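**Q** Submitted below is the structure of interest, expressed as structure tokens.
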Amino acid sequence: MNKITRLSRNFHKSFKPERHYINYLLRFAATGKAGDFQEIARQTGIPVGSSSGKVPAIIDYCRGMGLITLAGNKPSSVKQPVPTMLGNIVLQEDPFLKAELTQWICHLNLCKVIGGAEAWHATFFHGRDKLGMEFTRESLEMHLKRVLNTDTSGLIGPMVGMYEDEASFGACAALSEEKNTIRRRAAPIGEEYAYGYGAWLLQLAQDHFPKQDQISILDLNTEAGCRDVPGWNIDSFQQVLSLMESKGILRVDRQMQPWLIQAKIRPEQALKSLYDDLI
């Protein structure tokens, strides 16, 4: 079974994914170089510190966001980050991840069942049903302890703050907090997001239903959260599917209940057009 990416313990306690550090790691990955955490810190300028763990945290973040993979299968102190197709496209088109589109795609990847991060998956997938779109910090903490089966405190870590910080993912603003109330923001809908959402959704279908040509949107949501993770209601999700259909990304069979979707292109093809409609 594919394992959910586990972000480092130090990451949970303090460190937000500041976008300039992501850029530094992506540029390092593009060179094909490798090194231990100290060497990567020296070459990128990302601080390590005795307790902050910023280099391993940024590596974990970038893996969870689908921007890099690590070469080799065996555990080693020497890490060679390798840009994914998404990582290369982002490095070329939006190297400092300023665009709301870029941040949303990275956010959705963090929430994946396969390849995402546990706390994000628990908050944005399982949390849609258990917490809704508005909840307290205490209820989120209890929810994470229950889903992750741990008594460890501080599981929320910097997750809320990263979406309020302009140096991090403030443009996405998937979460905001005011007077101990945390609110989720549904992913925005527009033509400029169609290829990005399409690439994400097609990858979910490929990961969870690799042998099926047509997939029920109910099954895909149950297994992978294609509607729950972005926070869309039924009408919004149908609007997104129509946008994808108009771009030739997928076909929707509305004669069946629930609706069936069928990929018309591969996720990689959708990624190639990621920024085509961005004004």
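The values are calculated or read from the model by the stated rules, or taken from the named source; none is laboratory data. These numbers were taken from a predicted model, which means no experiment stands behind them. Positions of Cβ are backbone-derived with ideal geometry, glycine not excepted, and every protein chain shown enters the neighbour counts.
**Q** Looking at Met142 and the list (1) outside any helix (DSSP H, G or I); (2) surrounded by fewer than 17 Cβ atoms within 10 Å (Cβ to Cβ), which single condition is not satisfied?
**A** It is condition (1) that Met142 fails.
**Q** For region 79-103, which residues satisfy the criterion of being surrounded by fewer than 22 Cβ atoms within 10 Å (Cβ to Cβ) and either of a type in the set (Gly, Ala, Ser) or not assigned by TED's automatic domain parsing to the domain that holds Gly35 (or both)?
**A** Of everything in region 79-103, just one residue is surrounded by fewer than 22 Cβ atoms within 10 Å (Cβ to Cβ) and either of a type in the set (Gly, Ala, Ser) or not assigned by TED's automatic domain parsing to the domain that holds Gly35 (or both), namely Ala99.
**Q** Can you say whether Gly248 is buried (at least 16 other Cβ atoms within 10 Å of the Cβ), on the phi > 0 side of the Ramachandran plot and of a type outside the set (D, E, K, R), as far as the supplied structure shows?
**A** No, not satisfied.
**Q** Taking into account only those residues within region 213-225 that are outside any helix (DSSP H, G or I) and in contact with a strand residue (DSSP E or B) (Cβ under 9 Å, 6 or more places away or on another chain), which is surrounded by the most Cβ atoms within 10 Å (Cβ to Cβ)?
**A** Ile215
**Q** Now a separate question. Taking the criterion of being among the basic types (Lys, Arg) and part of a strand (DSSP E or B), would at least one residue in region 61-75 satisfy it?
**A** No.
**Q** Given the conditions (1) surrounded by fewer than 18 Cβ atoms within 10 Å (Cβ to Cβ); (2) under 20 Å from the mean Cα position of the chain (by Cα), report the number of the one that Met162 does not fulfil.
**A** (1)
**Q** Looking at (1) touching an Asp or Glu at 6+ places or on another chain (Cβ under 6 Å); (2) surrounded by fewer than 15 Cβ atoms within 10 Å (Cβ to Cβ), which is the one condition that is false for Arg137?
**A** Checking Arg137 against (1) touching an Asp or Glu at 6+ places or on another chain (Cβ under 6 Å); (2) surrounded by fewer than 15 Cβ atoms within 10 Å (Cβ to Cβ), the one that fails is (1).
Condition check ((1) surrounded by 15 or more Cβ atoms within 10 Å (Cβ to Cβ); (2) in contact with a Ser or Thr (Cβ under 7 Å, 6 or more places away or on another chain); (3) not hydrophobic (A, V, I, L, M, F, W, C)) across all residues:
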position	(1), (2), (3)
Ile105	yes, no, no
Ala122	yes, no, no
Gly170	yes, no, yes
Glu178	no, no, yes
Ala199	yes, no, no
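**Q** Determine, yes or no, whether Val113 is touching an Asp or Glu at 6+ places or on another chain (Cβ under 6 Å) and modelled with pLDDT under 95.
**A** Against the criterion (touching an Asp or Glu at 6+ places or on another chain (Cβ under 6 Å) and modelled with pLDDT under 95), Val113 does not qualify.
**Q** Test of understanding: among Thr150, Thr123, which residue is over 16 Å from Arg183 (Cα atoms) and either touching a Cys at 6+ places or on another chain (Cβ under 6 Å) or without any contact (Cβ under 8 Å) to a residue 60 or more places away in the chain (or both)?
**A** Thr150
**Q** Right, here's the next one. Condition test on Gly190, is it out of contact with any Gly (no Cβ under 6 Å at 6 or more places or on another chain), buried (at least 21 other Cβ atoms within 10 Å of the Cβ) and either in the same structural domain as Ala57 (by TED's automatic domain parsing) or within 30 Å of Val252 (Cα to Cα) (or both)?
**A** Details: out of contact with any Gly (no Cβ under 6 Å at 6 or more places or on another chain): yes; buried (at least 21 other Cβ atoms within 10 Å of the Cβ): no; either in the same structural domain as Ala57 (by TED's automatic domain parsing) or within 30 Å of Val252 (Cα to Cα) (or both): yes.
Spelling it out, it is not the case that Gly190 is out of contact with any Gly (no Cβ under 6 Å at 6 or more places or on another chain), buried (at least 21 other Cβ atoms within 10 Å of the Cβ) and either in the same structural domain as Ala57 (by TED's automatic domain parsing) or within 30 Å of Val252 (Cα to Cα) (or both).
**Q** Any chance you could count how many residues in region 110-139 are out of contact with any strand residue (DSSP E or B) (no Cβ under 9 Å at 6 or more places or on another chain) and assigned to a helix (DSSP H, G or I)?
**A** 9
**Q** Yes or no: region 211-219 includes at least one residue that is without any contact (Cβ under 8 Å) to a residue 60 or more places away in the chain, among the aliphatic types (A, V, I, L, M) and under 30 Å from Glu138 (Cα atoms).
**A** No, every residue in region 211-219 fails to be without any contact (Cβ under 8 Å) to a residue 60 or more places away in the chain, among the aliphatic types (A, V, I, L, M) and under 30 Å from Glu138 (Cα atoms).
**Q** Mind checking which residues of region 149-159 are in contact with a helix residue (DSSP H, G or I) (Cβ under 7 Å, 6 or more places away or on another chain) and either surrounded by fewer than 14 Cβ atoms within 10 Å (Cβ to Cβ) or assigned by TED's automatic domain parsing to the domain that holds Gln103 (or both)?
**A** Result: Asp151, Gly154.
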